[in-house]
Structures are given as structure tokens and as C-alpha cells.
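The values are calculated or read from the model by the stated rules, or taken from the named source; none is laboratory data. All figures in this text were calculated on a predicted structure; none of them were measured in a lab. Note that each Cβ is placed from the backbone with ideal geometry, even for glycine, and that neighbours are counted across all protein chains shown.
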Amino acid sequence: MKRQWRRFTGSYLWYSFKRDKVAMVSFATFLILFVCAFLAPWISPYNPYDPANIDILAAETPPMWMDGGTQEYIMGTDAQGRDLLSTMIYGMRISITIGVFAVLLQAFLGIVIGLISGYFGGKLDSFFMRMADVQLSFSYLMVAIFISAVLQAAIGVGRFGEIAVPFLIIVIGLAQWPQYARTVRASVLAEKKKEYVEAARVAGFNSQRIMWRHILPNCMSPILVLSTIQVANAVMSEAALSFLGLGMPVTRPSLGSLINSGFEYIFSGSWWITAFPGILLVVLVLAVNLLGDFLRDALNPKLYKG
Amino acid sequence: MAALLEVKDLVVNFALRGGELTALNGISFSLNQGERLGLVGESGAGKSVAGFSIINLISKPGYIAGGRVLFQGREISVLPFAQLRGIRGNLITMVFQDPMMTLNPVLTVGTQMIETLQAHQRISDRDAADIAVDKLRQVHIPSPERRLEQYPHEFSGGMRQRIIIAIALLNNPQLIIADEPTTALDVTIQAEIMDLFVELCNQQEMGLILITHDLAVVYETTEKIAVMYAGQIVEQGPTEEVVSSPMHPYTQGLIAALPQGDQRGTRLNQIPGTMPTLTSIPAGCSFHPRCSQAREICSRQTPALKPGQARERLVACHMLHQ
């Protein structure tokens, strides 16, 4: 453990991280948001899921520094009279959860398929890559609209809210796996020509072992970089779907559905219901993206400045 | 002594779009237990293909088109894949040219060694690590226990080649195929590595096939030599004799091309021309366009590999069999 820590602090990644202010700031931002999101029940002033906190009389209270604002609601309330800050923190938790799990699903599918098609090649490769092309030619919005329409018809709009989280994870996960598959396949094609793979074959290892233990770890840096970008993308996709009313219901809003619910009130002057979740979404996605950029630069041997 | 490895009339073809290419055209040789054989030739002569075909690991589109490879009496080219895997890395191992590339950069040396052991034996991590330390010590790596936890990039080129040799030794193989093991290393380390090979072969009665273009290395290390040219063996015999009195014009040319002490200040000898590519191998003796002694018959008829003066010497040249 101590050894590994020392190895990490001696690494080039850590060295370049310490010298990159943007990376440090975005990492700090991401960390704060992440911690806030997962400590939501302890941090946020109110529980937005508790029906007792819905108070129509207090609806559309402006933020505390504006006329009519109260100390009670720092960032004002939404159309249901829930504290906006609490709702945002809970919403961010949902957004991040969906983002991370959707990326895990994508990564799982993409890595398995990419490894297999890159390593074995031939007909299997053509089959999977054509499948990826087909998948990419469907807009994920179209797929989501289609599936959610079928689901809502099948189990009812009310119960749809209960399965909204896994639904979003699966839709976003399925829509984006070709990104992973292509990246992994490309690195596998480059790696499998190297002599250590030949040596592994000579040593009598089976294909499974060569694929998973020898080639995959050597493809990790592009996968890592892609993952950060994909988390940001997945959070945005989730927001987009929820904004269109295909995602999280208003009772358990994510950032996207919050933006959507506030949208109806934006011209009546209640801009904060849309603006604050919007800003939070931008900051979250930006922090993740900047981290991804940093990782890409730090892990790319061609840009090695050390 | 029973033959450890027997290669008989081995033909390896590459199925390309333009048709079949013959990379190995009927080569035969044999190796006894604990014997060391050098395969020499220019680049593209088919040395490495010969090495890979022994463990039936020729990369596509190459395949064994004819002939037999018998290892301890078992025919390698017809063995099912599972049994073949039991031989690879276990009874026959290979050492490659570039030690910088042959180790997996993201796994520690220890992991790679333990893994190689566990691929062929049921053995606990701790026992495997003990064997690994033992083998590292055998190839003269100082403080092997500490070295096990290091990654390949923490070693120098010579050290890495030692580690690769240690990995090759892990399962106590009967035969090591070394494909230009010292080409990427500098001369002093080259000598050390070759001495190590000889030492290990003597200790463990291990066969060695040394694939190289360096006659000097072969001369110092091996007992038998096979000179290859354009996918064929043109001369074969005990190393001492072949090097001191080469019979085939190609071997003569190779040896004359070595720097010699008494020629100080003059140009080195060379064989005119280059080796034909596999697509354009000349008819008859494939060496005749470059041969100074070529006669009319050489361009018509392919010479067979026949015994020379001594029984163990085999030469493929018309001039010697008239």
C-alpha cells in the first residue's frame, strides 16, 4: 500500500498534475461536487423527496439576495415550492449516478466487443464493427423515445418513474458502446503486433489470457481518457433526455428535468429554477471534460514532456 | 542418443493474394538432447520461419505445406491445439531478438514469471516465486527477490534479455529456440549472454537452436551449423569443420566476408548482389546468379543436399558432386 502510494507520487501523472493548475482546479471542483452529491442527505437543507417539503404557497420564491427571497431558501424554490439548492444536490446525485453507470455499461460492452474483434479479426471483427456502425446511425434520442414510449404504454406513466434510472442507464449505455469498441479495437490492433504478445503465445498462454491480461492493460490509457469524456457526455445525454421529458420524473428530478421544469417559468420571471441547475450542469461537465483533457495530455507518450 | 528434434523436408508456404510463396523449401535437420545448432543466413533466408514452424506458430497466411517436425518422436504439425500449448513455453521455449519489446511493459517481472509457471504447472504463487528467484539467480541477476517486483522498464537491455532467458528456463525446457538473441545488444553483453546460453545448455542438457546472421557467434556457441539461403539449407555439418573449410560457395563467401586480421586496411570481401526475394527465386540453384563458380548446369537443375567428403557434412552444390 505504502509502496504503491510512493510509486504514484513518483509517477509522471502526479508530476504533471501538480504543474497543471487547470487540472487541479477542475479536479477539486469535481471532487467537491461528487462529495456533495453523495452526501446529499446530510448536506442539503431539505429532503426534496419528502412530500412534506412540497409547499405550493412557497413556490417560485426567489433566491435570498433578491426581493422577496428568504433566509430559508438560499437559492429560492422551484415550482413545487421545494428548496432549489436541495433539489439540485439530489438531482446532481442522480445525474452522476446515471452518468457513471451508463459509462460502466458502455465500457463493459465496448471493451469486450473491441477486444474480441481486434484480437480475432476476420468475420467476427467485420460483424461487430458493422453492428457498431448500425448502432451509431441510430440517434440515441430516437432509441430512447421509442423505448420509453413502449415502456410507458406497457407499464404506465406512474410506474415508469420508478424504473427511470435503470432505463436511462441502459439507453445511454447501449447508445454509446461503439465509441469504446472502436477505441479498444484500434489499440488492440496496434498492441497485438508487438513482440510481447508473440512471446506470450510462445509461452503457451491461451487467447483469453493474452487478451485480458496482456493486451487489455496496455490499452488502458485511451480507455481512461475516453471514460472521462464519456461520463461528461452521459451526464449531458441524461440531461437532454430528462429535459425532453423522457427521463427522470419531476418527483425525483435530475439536473435535466429541473432545467426542464423551470423552463415553463422562465418568462414569468422565475429564471433561477432553470439557471442554477443549468450552471451546475455546465460546471460539472466542464470539470470532467477538462480532467479528460489533462489525462489525454498526460497519458499520451507522444506529448511526453518529461 | 535419441534425437530430440527432427525436421524432415519441411515446406512452409505463405498463401498470398498473388499465389503461393514458398518460404521454406524442404529443409531437414536434427538435434540431439543437449546439442546446440546454429541456423545462419542472410535476412529473409527463412531462419525465423524455420524457428517458428518448429512450435507450429507461423503467423497467417503462412502454413506448413509439407514435411514433418518430430519433437521427442511426436509430430508437432498434427498435434491438437491444447497439446501444442502444453509444449510451447514448457518443453520448447523461444527467446526473441529485441528484449525491449518481448516483456509486457505493464506487468512486473515477477507476475510474468509466475504466470508462465502457472500456465503449465499447478503451483502456488509462493512456490512459483521461489522458482522464479532461483532462475533469475541462474542467469546471474543480482538480488533477484527485489527484482521480481520491478517493471521491465527498470532494467537495462542486457538484464532484460537475461530475464527473458530466465522466463524461457522456468519450466525446464528440453529445447530453446533463440531467434537472434543478441542482435539488439552491444558486443560485450552479447558475449555474456552467449556464454550464459552455453553454460545453461551444459548444465541442464538442453538443446539450443541459435538463429542468427552472425557467424562469429555461431562459431563460439554451437556444435552444429546449418547455412540457409533462400529457404533452403545449402550446407550443414559440425560448426568447426564448416567454418574452417566451407564447401558451398555461399558459405565460403560468408566466411570470407568476416573481417580478418591479416587484411588490415583493405576493403572487406563481399558477396556480390543481394538475396533474391521469395517472389523471384531463380531457377536451378537459387544462389547461381551470385556465385563466382556457377556453370551452365547451375541455372537448370536444383542441386540436392548430399554428403560431402565427411559423412556428417552435407552440401548442396553441383560443383562438389560431379
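Worth pointing out:
- When A:Gly245, A:Gly292 are screened for being at pLDDT below 85 and small (Gly, Ala, Ser), only A:Gly245 passes.
- Selection from segment B:46-98 of residues that are under 20 Å from B:Ile167 (Cβ atoms) and of a type in the set (A, V, I, L, M): B:Ile54, B:Ile55, B:Leu57, B:Leu84, B:Ile87, B:Leu91, B:Ile92, B:Met94, B:Val95
- Among the residues of segment B:275-301, just one is without any contact (Cβ under 8 Å) to a residue 24 or more places away in the chain, assigned to a loop (DSSP other than H, G, I, E, B) and within 16 Å of B:Ala45 (Cβ to Cβ), namely B:Pro282.
- Taken together, the criteria exclude B:Arg74 from residues that are more than 9 Å from chain A (Cβ to nearest Cβ), surrounded by fewer than 16 Cβ atoms within 10 Å (Cβ to Cβ), touching a residue at least 40 places away in the same chain (Cβ under 8 Å) and not aromatic (Phe, Trp, Tyr).
- Residue list for segment B:60-71, filter: within 13 Å of chain A (Cβ to nearest Cβ) and touching a Phe, Trp or Tyr at 6+ places or on another chain (Cβ under 7 Å): B:Pro61
- Subset of segment B:164-186 that is under 14 Å from the mean Cα position of the chain (by Cα) and charged (D, E, K, R) - its residue that is surrounded by the most Cβ atoms within 10 Å (Cβ to Cβ): B:Asp179
Table: residues versus (1) within 14 Å of chain A (Cβ to nearest Cβ); (2) touching a residue at least 60 places away in the same chain (Cβ under 8 Å); (3) within 30 Å of B:Ala257 (Cβ to Cβ).
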residue: B:Glu42; (1), (2), (3): no, yes, yes
residue: B:Gly46; (1), (2), (3): no, yes, yes
residue: B:Ser53; (1), (2), (3): yes, no, yes
residue: B:Ile58; (1), (2), (3): yes, no, yes
residue: B:Pro80; (1), (2), (3): yes, no, no
residue: B:Arg88; (1), (2), (3): yes, no, no
residue: B:Pro105; (1), (2), (3): yes, no, no
residue: B:Glu115; (1), (2), (3): yes, no, no
residue: B:Gln121; (1), (2), (3): yes, no, no
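- Only one of A:Arg201, A:Arg130, A:Arg185, A:Arg159 that is buried (at least 19 other Cβ atoms within 10 Å of the Cβ), of a type in the set (Lys, Arg) and more than 13 Å from chain B (Cβ to nearest Cβ): A:Arg185
- Qualifying residues in segment B:94-103 (those that are surrounded by 21 or more Cβ atoms within 10 Å (Cβ to Cβ) and more than 7 Å from chain A (Cβ to nearest Cβ)) - the one modelled with the lowest pLDDT: B:Pro99
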